[in-house]
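Here the structure comes first, spelled out in structure tokens, and everything after it is commentary.
Throughout, read-outs are computed from the coordinates displayed, never taken from laboratory work. These numbers come from a predicted model, not from an experiment. Here Cβ is always computed from backbone atoms with ideal geometry, including for glycine, and neighbour counts include all displayed protein chains.
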Amino acid sequence: MAESTLQQSPFWNYINMKEMVSKDGYGEVEISVFPDLLQRRGHVHGGVIATLVDASIGCAIRSLLKENEISATIELKTNYLRPAISAKLVGKAQIVQRGRSIAVGETKVWDEEGKLIAMGTATFNIKEKG
């Protein structure tokens, strides 16, 4: 598995994102919500939820990369199902297909009460480092 970059990102540190699992094509990422992550109506901003989709799938993909490979998001789709007002959100992702240069994953974002907040898919490009 390639080394985690989540703790190296100032953005992820700022939004309190934590990688919980990155193993065997599965990724789980959690965010503890604070006021700066809310939109004007008091719900978690949609961009934060999209970030959970992207990051959780990224963690799942990273678990399948060889040491000499890196990946980058090339497509992201998020379906928002209900407003998020929870203090904690978690994205749980699974890789659907991993080819030589492309991987596709899907995720579900849950609140701390077990309500489904959003679903999403992402496509990542995979290439050798350097």
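What the table below lists for this structure:
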quantity: Local electrostatic count, residue 26, Cβ distance below 15 Å [Lys/Arg +1, Asp/Glu -1]; calculated: 0
quantity: Helix-only [θ]222 nm of the chain, DSSP H runs n ≥ 4, -39500 (n - 2.57) each, per residue, nearest 500; calculated: -5000 deg cm²/dmol
quantity: Bins of 5 Å from zero: percent of alpha-carbon pairs in the chain; calculated: 2, 12, 22, 24, 19, 11, 6, 3, 1
quantity: Signed unit charges on C-beta, dipole axis of the chain, positive-most listed residue 48, 130, 76; calculated: 76
quantity: Packing-based exposure ordering (other Cβ within 10 Å, fewest first) of 98, 62, 82, 41; calculated: 41, 82, 98, 62
quantity: Spatially proximal aspartates and glutamates relative to residue 129 (Cα-Cα < 13 Å; intrachain offsets below 8 disregarded); calculated: 3, 67, 69
quantity: 17, 119 arranged by Cβ crowding within 10 Å, fewest neighbours leading; calculated: 119, 17
quantity: Relative contact order (percent, whole number), the chain, Cα cutoff 8 Å, 6+ residue spacing; calculated: 26
quantity: Nitroxide proxy distance, nm - points 7 Å out along Cα→Cβ at residue 88 and residue 125; calculated: 3.7
quantity: Crossing angle, helix 46-62 versus the chain [Cα axis fit, 0-90 degrees, rounded to tens]; calculated: 30
quantity: Sequence ranges 106-118, 65-77, 42-54, ranked by mean other-Cβ count within 10 angstrom, highest first; calculated: 42-54, 106-118, 65-77
